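Asker: Pasting in a structure now, in structure tokens, and then I'll have a few things to ask.
Computed from the coordinates by the stated procedures, all read-outs in this text should not be read as laboratory data. What you see is a predicted model; the values in this text were computed from it and never measured. Because the Cβ atoms are built from the backbone with ideal geometry, glycine has one as well, and the counts that use them run over all protein chains shown.
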Amino acid sequence: MDTKRLTNELIADSFKSLLLKKDFKKITVKMIAAESGFMRSTFYNYFQDKYEILEWIVKTEIYDKISPYVTNEAYYEAFQKVFKCIADEKEFYKKAFQIDGQNGFEEILANEFSKLFKKAYESANFESENPIVTLETISQYQSLALIMYIRMWICDGCYGDADYDEVCEAYIIMLFHGGSLVSTSKLIEMAAGKLWTSIPSSLKKITELLGKKNK
């Protein structure tokens, strides 16, 4: 591992440590540099500000770890990795969700998740006859839905003491099989069946791959 990467990790770890103890708005570059054992001027050789540290953490600790699974169409494993990454540093991400506004945590996370979903749909040769359902819109939609689900998990405590494997499995069930869980009438079942026939083959491919793993 090169020196730049090691230094980035040291600064990122120092930032995480501070965030667990302080409000994000009160954390300064001077504090991060001091926590890292550097002069403030040295900090700027690696990051522009604390927002860039947050972007680096999300990219290296989430996107970079999950991207290879998506490349290999191992979607179930990709989702498992997402939830494990969050679970491994649950307290940090819980605090990170409080960082709002422009360049807030959810915006940064949405950008990286959207790239992952887009990569998956491109691999599945995504196409749609509906002009609204484009590669960009469906990737953004799935990204925001996943972020909301994670927020409900770690910030709102909606899933009790469930471990990340259980939370991941529940997410996949709701994402791809939710329609069958709420089909309480013949009308809904017929509508769901009609909808399925109109779903692009690329989405069905991803669904089928996840379904096999989830059995």
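Asker: Provide the descending list of Cα extents for the stretch 46-133 along its principal axes, expressed in whole angstroms.
Answerer: 41, 29, 25
Asker: Further question: Translational diffusion coefficient, Stokes-Einstein: compute it for the stretch 1-47 using the Kirkwood radius over C-alpha pairs as Rh, at 4 °C and 1.567 mPa s, and state it as an integer in µm² s⁻¹.
Answerer: D = 121 µm²/s.
Asker: Would you grab the residues whose amide H sits under 5 Å from the one on Ile99? Only those 5+ places off in sequence or on another chain, please, with H modelled 1.01 Å from N.
Answerer: Phe105
Asker: Fewest first, what order do Glu129, Glu136, Glu55 take by the number of other Cβ atoms within 10 Å?
Answerer: Glu129, Glu136, Glu55
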